[in-house]
Protein chains: 2
Amino acid sequence: MSDTKQTFPDMILRPVGVVHSEIKKPMLAAGESGLSLELRMEKVKAHHREVEECICKLVIDPEWEELLDGIDGFSHVLVLYWPHLIDPARRKLRKVHPMGRKDIPMQGIFATCSPARPNPVLVSAVPLVARNGNVLTVKGLEAVDGSPIIDVKPYSKSYLMVDKLKMPDWMEQIHRELEID
Amino acid sequence: MSDTKQTFPDMILRPVGVVHSEIKKPMLAAGESGLSLELRMEKVKAHHREVEECICKLVIDPEWEELLDGIDGFSHVLVLYWPHLIDPARRKLRKVHPMGRKDIPMQGIFATCSPARPNPVLVSAVPLVARNGNVLTVKGLEAVDGSPIIDVKPYSKSYLMVDKLKMPDWMEQIHRELEID
């Protein structure tokens, strides 16, 4: 399979807009790995609550404004963005302790939501609050201020909704601790 | 906002694997636009059923195999892939009739699931059937055979599940016609 790269098309992304948000830095800054588990989780929880309530703007380049026509018929959108504050060298990471938690066994990057991944395209479904011209207002997006927007899609049931979801114990545990239903 | 591009990082994707599938061409081939609405929808419906039942392989480059460790704890994964058969010139499309249907008003590309979009990164949540080494078996992925895989993520409730989804009438109608619950 390693010859596949030669025949693939160029996959170069161009930002179609930028996130304007009160969230100024990623949840787990690298310098915080020395914190105790308890303090760490307190911080993560506080950050998570801040994100949940955060109302932010997706400012789409005016060149692409027309592509938003009709989007306000959807209650939710899927936002694809690039975590621009993550050091590109971290695209080579192979395994991590989820959320930096040493009490959880290492997991392969594809089994985690880590922003450090071979192709750091982050995906989040969020409620659409409003559309005004080239600006979408959304709620609860974790993207930090200044993140390049790659794509905006409608939240379509057929591509995104699943039945009988099962997640491993470690992720259930994190959801419980962060009080995510 | 049009100065943003200068300060953005390079966003170059590298395929991490390739889709092996019985699905050999996209749902709506360009040459089919002359069909009657009825015949068109019959074809779309047949394609949709074929996709739903399709079991396909995500063959991850052996270089990245380790990144899959732990993924079999999830019932569903989110697959990001590139629709490589779509002519790159179509990244400039601005509006379309959803599924080429003239009876539905034109919508901006960001309000549709069209594979022709400024950054054609397609996203689909699918059941994970099995993992064997560097190969994931999944069900119901619409990607055509040979599509480059950009990313595989766990289906995490917190990023992807929504409450009280509302979609516009035209998309509800398409879901009804394709018998998607």
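The values are calculated or read from the model by the stated rules, or taken from the named source; none is laboratory data. Given the structure is predicted, the values throughout are model-derived calculations rather than measurements. Reconstructed Cβ throughout: ideal geometry from the backbone, glycine too, with neighbour counts over all protein chains shown.
Can you name the residue in region B:91-100 that is basic (Lys, Arg) and more than 8 Å from every other protein chain (Cβ to nearest Cβ) and is also nearest to the chain's Cα centre (by Cα) among such residues? If we take residues in region B:91-100 being basic (Lys, Arg) and more than 8 Å from every other protein chain (Cβ to nearest Cβ), then B:Arg91 is nearest to the chain's Cα centre (by Cα). Filtering region B:144-167 to residues that are at the interface with chain A (Cβ under 8 Å from one of its Cβ atoms), in contact (Cβ under 8 Å) with a residue 24 or more places away in the chain and not aromatic (Phe, Trp, Tyr) leaves B:Pro148, B:Ile150, B:Asp151, B:Val152, B:Lys153, B:Pro154, B:Leu160. Checking each residue in region B:1-56 for being of a type in the set (Val, Ile, Thr) and at pLDDT 80 or above picks out B:Ile12, B:Val16, B:Val18, B:Val19, B:Ile23, B:Val44, B:Val51, B:Ile55. Residue pairs whose Cβ atoms lie under 7 Å apart, sitting 6 or more positions apart in sequence or on different chains, and linking a residue in region B:66-90 that is closer than 14 Å to A:Asp151 by Cβ and more than 8 Å from chain A (Cβ to nearest Cβ) to a partner that is crowded, with 21+ Cβ neighbours inside 10 Å and among the hydroxyl-bearing types (Ser, Thr, Tyr), are B:Tyr81/B:Ser147; B:Pro83/B:Ser147. Could you run through region A:80-120 and say how many residues are in a loop (DSSP other than H, G, I, E, B) and of a type outside the set (Val, Ile, Thr)? Selection size over region A:80-120: 21. Could we say that B:Gly146 is touching a helix residue (DSSP H, G or I) at 6+ places or on another chain (Cβ under 9 Å) and on the phi > 0 side of the Ramachandran plot here? Judged against the criteria, B:Gly146 is a match. Note on region B:111-124: residues that are within 8 Å of chain A (Cβ to nearest Cβ) and over 19 Å from B:His175 (Cβ atoms) total 4. Could you list, in sequence order, all residues of region B:91-110 that are without any contact (Cβ under 8 Å) to a residue 12 or more places away in the chain and touching a Gly at 6+ places or on another chain (Cβ under 9 Å)? Scanning region B:91-110 gives B:Met106, B:Phe110. Kindly indicate whether any position in region B:125-132 is free of Cβ contacts under 8 Å to residues at least 12 places away in the same chain, surrounded by fewer than 17 Cβ atoms within 10 Å (Cβ to Cβ), more than 8 Å from chain A (Cβ to nearest Cβ) and not in a loop (DSSP other than H, G, I, E, B). Yes, region B:125-132 contains at least one residue that is free of Cβ contacts under 8 Å to residues at least 12 places away in the same chain, surrounded by fewer than 17 Cβ atoms within 10 Å (Cβ to Cβ), more than 8 Å from chain A (Cβ to nearest Cβ) and not in a loop (DSSP other than H, G, I, E, B). Listed conditions (1) of a type outside the set (S, T, N, Q); (2) surrounded by fewer than 18 Cβ atoms within 10 Å (Cβ to Cβ); (3) in contact (Cβ under 8 Å) with a residue 40 or more places away in the chain; (4) out of contact with any helix residue (DSSP H, G or I) (no Cβ under 8 Å at 6 or more places or on another chain) are all met by A:Leu122, apart from (2). Out of all the residues in region A:133-180, which are of a type in the set (D, E, K, R), under 16 Å from the mean Cα position of the chain (by Cα) and assigned to a loop (DSSP other than H, G, I, E, B)? Those that are of a type in the set (D, E, K, R), under 16 Å from the mean Cα position of the chain (by Cα) and assigned to a loop (DSSP other than H, G, I, E, B): A:Glu142, A:Asp145. Across region B:46-65, which residue is surrounded by the most Cβ atoms within 10 Å (Cβ to Cβ) among those that are under 16 Å from B:Asp151 (Cβ atoms) and out of contact with any Pro (no Cβ under 9 Å at 6 or more places or on another chain)? Only one residue tops the list, namely B:Leu58.
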